[in-house]
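Student: Before we start, here is the structure in question, set down as structure tokens.
Rule-based calculations on the coordinates, nothing more; no lab input. Computed from a prediction, not measured in an experiment: that's the story for all the values here. Using ideal geometry, Cβ is built from the backbone for each residue, glycine included, and neighbour counts are taken over all protein chains shown.
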Amino acid sequence: MKKVAKIRLKPKFVPYLKALGILVCLILGVFLFYEKQIHDLTKLGYSKKASQAILFSFHKDYILSVGENPTLNAVFESDQFQEEYLDQYRKIQYVNQEHFVSNLHKLFKLGYSTNDINIIFAHGDDAAVGRFAKREKIKYLEEFFIVPYAKLDNYDRYVHYADDTGEDEELTVLYVNLDLDKEDYEDAHLVDSFSTDMLVNKHRYLSSDFVPTDLAMIDSQYASSDDLQASRLAINAFRKMADAAEREGYQIVINSAYRSYQDQVDLTELYFNTYGQGYVDKYVAKPGFSEHQTGLAFDVGSRNTNVFANSKEYQWMQENSYKYGFIARFEKRFEAITGFRQEAWHYRYVGEEIASYIHEHSIPFEEYWAMFLDQRR
Ligand SMILES: [Zn+2]
């Protein structure tokens with residue numbers, strides 16, 4: 001049997017070892033205590049970086065009393081925490097914007113209340129809030145921003161428009177967002193991608209080479225001539241609608257559908273030669289500004305009469321077209337918004353969901369677009 005060699009320490013090292021042991025325990029204790037503090041905060045939803053900053057700012061107890069708060073998390077994470085705003089941060093709705101914290105501080109500095117600041121962040125994207133934070137404080141912020149889709153960048157135009165016209169906040173925001181405070185065709189926006197909810201009017205235009213992506217021929221059974229084209233989606237919806245009308249004894253037909261940019265150029269020339277410039281300015285959409293170029297607009301007729309507005313088919317369309325995704329686009333009561341006189345025959349495919357909403361709420365497509373589709377913020 002082998003003897004296990006015993007290592008004997010010389011007695012004089014023992015006190016050092018004891019001291020080292022105590023030191024290690026102490027460091028470990030501090031470390032564990034620190035980890036526990038961080039854990040208390042991360043458990044609440046704070047990031048590790050934010051938790052460390054909170055700990056070193058000595059506001060851990062305050063944060064624990066507030067609980068989870070994305071704005072406080074963002075502030076501490078950014079290294080821009082300012083003691084004087086400690087109690088206001090938690091009242092700010094967090095928004096995921098690149099310069100959220102620095103813009104927040106600029107707005108605090110301008111003297112905006114936390115309520116004002118929440119309104120500001122809800123009405124603009126990062127860049128718009130940044131621009132807004134550079135201007136002087138606005139006194140009656142809620143005047144226009146009570147409208148959910150009001151835009152920070154349009155503030156001055158709202159003020160001018162309301163002063164000029166005496167309109168209320170709601171209409172002012174709607175009209176300005178639709179650029180109706182500008183002349184027709186002035187500073188118009190280019191619409192460059194096809195979708196069934198696209199908006200084309202006297203302020204939003206298509207380029208000369210825009211063609212709907214699903215352009216197809218219309219079956220002559222549904223059209224008054226055999227060379228008409230439109231968006232495949234719109235054609236399919238129209239077929240369903242025409243078949244349903246037929247079953248109930250009504251005959252609807254497409255008289256005009258997709259018109260290319262060049263078609264509109266030719267049409268403008270034709271009307272100009274026949275009726276003159278005054279007529280063209282008033283009634284003919286400029287090339288690029290006609291909804292027919294989207295492939296989603298149809299001029300609908302009755303097979304039984306030439307005056308569609310007097311036909312029973314017109315009545316049927318008024319009551320049923322929305323079920324198939326079509327809306328009467330230019331109605332008398334909406335002339336001021338659509339920019340077109342009434343055209344009883346002009347229908348636009350927008351899909352069933354949007355058409356139903358528009359039907360139910362009796363609003364023009366422009367208003368729906370301003371409320372739900374405008375790419376702001
Ligand atoms: Zn038309």
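Student: Report, to the nearest 10°, how far helix 261-275 tilts away from the longest principal axis of the Cα atoms in the chain, using its own Cα long axis and a range of 0 to 90°.
Tutor: 40
Student: Provide the per-residue ³J(HN,Hα) series for segment 30-38, in order, calculated from phi with Karplus coefficients 6.51, -1.76, 1.60 and θ = phi - 60°, each as a whole number of Hz, with x at glycine and proline positions.
Tutor: 4, 4, 5, 4, 4, 4, 5, 4, 4
Student: Just for the chain, what percent of DSSP beta bridges are antiparallel, to the closest 5?
Tutor: Details: 15 of 18 bridges.
For the chain, the DSSP antiparallel bridge percentage is about 85.
Student: I would also like to ask the following. At S224 and K286, where each label point lies 7 Å from the Cα along Cα→Cβ, what is the point-to-point distance in nanometres?
Tutor: Going from the S224 label point to the K286 one covers 2.9 nm.
Student: Sticking with this structure for a sec: Length gain on complete extension for the stretch M217 to D263, per 0.36 nm per residue less the alpha carbon to alpha carbon distance?
Tutor: Contour length minus Cα-Cα distance gives 14.9 nm.
Student: Just add up the charged neighbours of D227: K/R +1, D/E -1, any other residue whose Cβ is under 13 Å from the Cβ of D227.
Tutor: -2
Student: Also, quick follow-up: Add +1 for every Lys or Arg and -1 for every Asp or Glu among the other residues with Cβ under 13 Å from the Cβ of R303, and state the total.
Tutor: -1
Student: Counting only the backbone N, which residues of segment 63-94 are under 14 Å from the spot 7 Å out from the Cα of Q37 toward its beta-carbon?
Tutor: Hits in segment 63-94 for Q37 at 14 Å: 63-64.
Student: Which of the lysines could a cross-linker span from K240 if the Cα-Cα distance has to be under 29 Å and same-chain partners fewer than 8 positions apart are dropped?
Tutor: List returned: K312, K323, K332.
Student: Quick one: angle between helix 352-361 and the longest Cα principal axis of the chain, in degrees between 0 and 90, rounded to 10, please.
Tutor: On a 0 to 90 degree scale, this one is about 80.
Student: Sticking with this one: Any idea how far apart S195 and D164 come out in nm if each label point goes 7 Å out from Cα toward Cβ?
Tutor: In this crude spin-label approximation the distance works out to 3.0 nm.
Student: Testing the spin-label approximation: label points 7 Å from Cα along Cα→Cβ at S57 and R135. State their distance in nm.
Tutor: Here the modelled spin labels are 3.0 nm apart.
Student: Right, here's the next one. If the cut-off is 29 Å between C-alpha atoms, which lysines fall inside it for K60, apart from same-chain ones fewer than 8 positions away?
Tutor: Within the straight-line limit of under 29 Å, K60 reaches these lysines: K36, K43, K48, K49, K91, K106, K109.
Student: Sum up the charges of everything whose Cβ sits under 14 Å from the Cβ of F81, counting Lys and Arg as +1 and Asp and Glu as -1, but leave F81 out.
Tutor: It works out to a net charge of -2.
Student: Quick check: residue separation of A336 and L44 times 0.36 nm, minus the Cα distance between them. What number comes out in nm?
Tutor: This chain segment gains 99.8 nm when fully extended.
Student: Another one. Assuming 0.36 nm per residue, please report the length gained on full extension of the stretch Y185 to Q93 beyond their Cα-Cα distance.
Tutor: In short, 29.3 nm is gained.
Student: Counting alpha carbon pairs within less than 8 Å and at least 6 residues apart, what relative contact order, in whole percent, applies to segment 301-342?
Tutor: 21
Student: Output ³J(HN,Hα) for segment 156-162: one whole-Hz value per residue in order, computed from phi by the Karplus curve 6.51 cos²θ - 1.76 cosθ + 1.60 with θ = phi - 60°, and x for Gly and Pro.
Tutor: Listing the rounded values in order: 5, 5, 4, 4, 5, 5, 5 Hz.
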